[in-house]
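Remarks on the structure that follows.
The values are calculated or read from the model by the stated rules, or taken from the named source; none is laboratory data. These numbers come from a predicted model, not from an experiment. For neighbour counting, all protein chains shown are included, and Cβ atoms are generated from backbone atoms with ideal geometry for every residue, glycine included.
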Amino acid sequence: MEENIILKSKHKGIGGIAEGEALVTQNALSYIFDVGGVWHDPISAEITNKIEMPDWYGKDLADKIIIFPTGRGGIFSTALIMGLAKKGLGPKAMVNVKTHPVYAYASIVLNIPTIDELDKNPCEIIETGDWVKVDAEKGIIEITKKKNQ
Amino acid sequence: MFAGAYGESYRGAMEILVKMGEYSSAERMVPISWADLTTFSGRWGGHGDSPDNDLYHFLRDFEDLSLKENTKFKCPMTIVDMSKDQQRNERMKKLGAKLVAPAGASSPHDLFPWPLFGQHASPGATNGTTFFNSMLGVRANSEGPIGVHMAALTGRTPEYGYHLDKNRRGKVLVEVKTKLKNYIDWAVLGFYISRKLSTHYWDVPVLTGIEPQTITSDDVMSLCASMNHPGSITHFLIEGISPEAPTIAEAFHGKRPKEKFSVGVEEMKKIYDLYAPSGNKPDIVTVRFPLTVERLYEVARLVEGKKIHKDVSFAVNLTVYARMVAERFGLRKILESAGILLGDRQGQVMWNGKIIDPWVDARREGIKTMITDSLKDCNGARNQDIEVALLPSLEKIIKTAINGRIEV
C-alpha cells in the first residue's frame with residue numbers, strides 16, 4: 001500500500017486541525033458569485049454558477065475540505081462564508097495555492113483551518129474524494145488517496 | 001495594542017491583524033492614511049434572514065466594545081450614510097467615522113477622500129481598490145470588511161501583497177490589439193484579462209497598445225470594475241497612464257514578463273458571446289454601471305420624448321454628482337417622464353410595483369431575462385438562475401427598453 005502524501009506550507013496556517021473528504025477544482029472560487037445556494041430556501045452552500053464553476057456546478061461546499069487555487073472577485077464573500085459557517089454550512093477547511101485576503105480574514109474570525117503556499121500545487125496533487133487532514137498549526141496537509149482508503 | 005495596554009477593542013483588532021500578518025508572511029505593520037467601510041454598511045442590511053447578518057453583528061459587537069471603552073478609529077474612516085439607521089450613524093460618528101453618501105457604493109466615482117500616491121490605505125470597495133492601486137499608485141490589498149474595520153480601528157495593516165514594492169511590478173504583458181469603442185468594451189477587456197488570470201491574479205498585468213490620449217476616466221473605472229469579475233485583479237498597470245508604468249521597462253522593474261498574451265477582436269467576441277441574449281423579450285433593463293454626468297446626458301438624449309415599453313422595467317444608477325446635475329438641470333424630469341427608475345442606491349430596479357435587487361430577489365420574483373451594461377451583473381445575477389445578457393452599447397440597451405425587444 002502506498003504511503004500518504006504530505007505537503008508542507010512555507011508558514012503556519014490559520015485555525016487548527018480538520019479532516020474530511022476533499023472537493024477539488026482548478027477554478028478560482030467566489031462565494032458571492034458562485035454559491036447561489038445562499039439565496040435558496042432553505043439556505044445552502046450549493047454552487048450555481050455554470051459558466052465559471054462548471055466542475056463544481058450543483059455541488060455543496062458544506063462540511064467539505066475545499067481545495068481551490070484562490071478566491072476571486074467580490075469582498076461580500078466574507079459575509080456569505082460567515083453567514084453559512086454560523087449555520088453549520090461552512091467548509092471544514094480550505095486549501096489554496098494562495099489564499100485570497102478576503103477568505104483569510106473570514107477564516108481567522110471563524111477559525112476555519114486554512115493553508116496555502118504548499119511545496120506542491122494541491123489542486124494537482126489532490127483529487128475529489130481523497131481524504132485530507134489539514135494541520136494548520138504545523139502548516140502541513142496529509143492526503144490519503146481514495147484508492148488507498 | 002497587541003498586549004492589551006490600550007483596551008480590549010484595540011487588542012482584539014490587532015490580534016486579527018497579527019494573524020493575517022503571520023499568514024501572509026508580513027514582517028511588520030504599516031500605518032495607513034485612510035480606510036473605507038462604505039461597501040459594508042447594509043447592502044442587504046444584516047437584518048432578518050439576510051445572509052450578511054452574522055458579519056453585520058460581528059462588526060456591531062466590535063463597535064459596541066469600542067463605544068464602551070471610548071476608543072476611536074485611529075485613521076480617517078468613511079462609511080456610507082445609513083440615513084435609515086440614524087442610530088448607527090451616530091454610533092459611527094462617536095467612533096470617529098466621517099460619513100459619505102450612498103450612491104456609487106462600490107465604485108470609485110463617489111468615494112471620498114482619495115488616498116494619494118505611495119500612501120498605504122484600506123479601501124473597502126473591490127473595484128475602488130483596483131482603481132487606487134492601478135491609477136493612483138496607492139498601496140492596498142482587497143481584504144473585505146473585517147480587514148478594513150480592524151485596520152481603521154488600529155490605524156495599521158500588515159505589510160504584505162501590494163504594500164510591498166516587489167509585488168507591485170508587472171509580471172504579465174497584455175498587448176491590446178483592438179480599438180475600444182465605449183465603456184462597455186473597456187469592461188469586456190478587463191473581464192477577459194481577469195478571467196485569464198483568475199487563478200493567479202497576483203501576477204500583475206501590464207497593458208500595452210493603448211493610446212493614452214484616447215482613454216477617459218469613465219473607461220478606466222469601467223476597466224477597474226471588470227478586472228475583479230470574474231477574477232480578482234487588485235493591481236494592474238497601463239503603459240503611459242499608471243503612475244508606476246511610464247514605460248514598459250519601468251512597469252516590469254527592468255525584468256522580463258513571465259507570461260504574454262494579446263487581446264484582439266476575437267478575444268473580445270468570446271466574452272460578448274458568453275453573455276449574448278438568447279431570447280428577444282427583456283423583463284428588466286438596467287444601466288448598472290453608475291451614470292456619470294457624461295452618460296447621464298447621453299441617456300437623457302436617447303430617451304427624451306420617448307416612453308419605456310410598458311412590459312419592461314428600466315432602472316439606472318447615478319453617481320452623487322450626476323444625481324445633483326439631474327436635479328438641477330431638468331434631466332431627472334426627462335428620465336422619469338420616459339418611465340425610468342432612478343434608484344436610490346446601487347442595484348435597485350422596479351418590478352411589479354416594488355423596488356427590488358435582482359441579485360437577491362430575481363429568482364423568487366419570477367424574473368427571467370435581464371439586460372445590462374454590467375459584467376458584474378452578468379456574474380452576480382446569474383447566480384439567481386436567470387438569463388443576464390450584456391449589450392454592447394448604451395444605444396442598444398435603451399432601444400431595447402423602448403421597443404420591448406432585445407436589440408442585438
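Couple of notes before you dig in:
- Residues in region B:258-280 that are over 17 Å from residue B:181 (Cβ atoms), at pLDDT 95 or above and among the aromatic types (Phe, Trp, Tyr): B:261 only.
- Tally of residues being in contact (Cβ under 8 Å) with a residue 40 or more places away in the chain and either within 17 Å of residue B:141 (Cβ to Cβ) or of a type in the set (Lys, Arg) (or both) across region B:211-252: 10
- Selection within region A:39-62 - surrounded by fewer than 20 Cβ atoms within 10 Å (Cβ to Cβ) and more than 17 Å from the chain's Cα centre (by Cα): A:40, A:41, A:42, A:43, A:50, A:51
- Close pairs (7 angstrom Cβ cut-off, 6 or more residues apart or separate chains): over 23 Å from residue B:336 (Cβ atoms) in region B:375-403, surrounded by fewer than 20 Cβ atoms within 10 Å (Cβ to Cβ) and basic (Lys, Arg) anywhere: B:384/B:363; B:385/B:363; B:386/B:363; B:386/B:368; B:387/B:368
- Only one of the numbered conditions (1) within 14 Å of another protein chain (Cβ to nearest Cβ); (2) touching a residue at least 12 places away in the same chain (Cβ under 8 Å); (3) not in a strand (DSSP E or B) is not met by residue B:326, and that is (1).
- Residue in region A:101-116 that is more than 8 Å from chain B (Cβ to nearest Cβ) and without any contact (Cβ under 8 Å) to a residue 24 or more places away in the chain present: no
- Listing of helices (runs of 4 or more DSSP H) fully contained in region B:1-97 that carry 3 or more residues being modelled with pLDDT of 95 or more and of a type in the set (A, V, I, L, M, F, W, C): B:8-23
- For region B:281-301, the count of residues that are exposed (fewer than 13 other Cβ atoms within 10 Å of the Cβ), aliphatic (A, V, I, L, M) and either touching a Gly at 6+ places or on another chain (Cβ under 7 Å) or modelled with pLDDT of 95 or more (or both) is zero.
Results for (1) touching a Ser or Thr at 6+ places or on another chain (Cβ under 8 Å); (2) over 24 Å from residue B:25 (Cα atoms), shown as yes or no for each residue.
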| position | (1), (2) |
| --- | --- |
| A:14 | yes, no |
| A:23 | yes, yes |
| A:27 | yes, yes |
| A:31 | yes, yes |
| A:36 | yes, yes |
| A:41 | no, yes |
| A:44 | no, yes |
| A:55 | yes, yes |
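- Being facing chain B (nearest Cβ under 10 Å), closer than 25 Å to residue A:118 by Cβ, touching a strand residue (DSSP E or B) at 6+ places or on another chain (Cβ under 9 Å) and β-branched (Val, Ile, Thr) is true of residue A:35.
- Residues that are within 20 Å of residue B:290 (Cβ to Cβ), of a type in the set (Lys, Arg) and over 22 Å from the mean Cα position of the chain (by Cα), drawn from region B:370-407: B:396
- Region A:78-90, residues that are part of a helix (DSSP H, G or I) and at the interface with chain B (Cβ under 7 Å from one of its Cβ atoms): A:78, A:79, A:80, A:82, A:83
- In the set (1) out of contact with any Phe, Trp or Tyr (no Cβ under 6 Å at 6 or more places or on another chain); (2) on the phi < 0 side of the Ramachandran plot; (3) of a type in the set (D, E, K, R), residue A:50 fails one condition alone, (1).
- Residue selection: residue B:179 fails the criterion of being of a type outside the set (Val, Ile, Thr), more than 14 Å from every other protein chain (Cβ to nearest Cβ) and part of a helix (DSSP H, G or I).
- Among the candidates A:19, A:52, the residue that is outside any helix (DSSP H, G or I) and within 7 Å of chain B (Cβ to nearest Cβ) is uniquely A:52.
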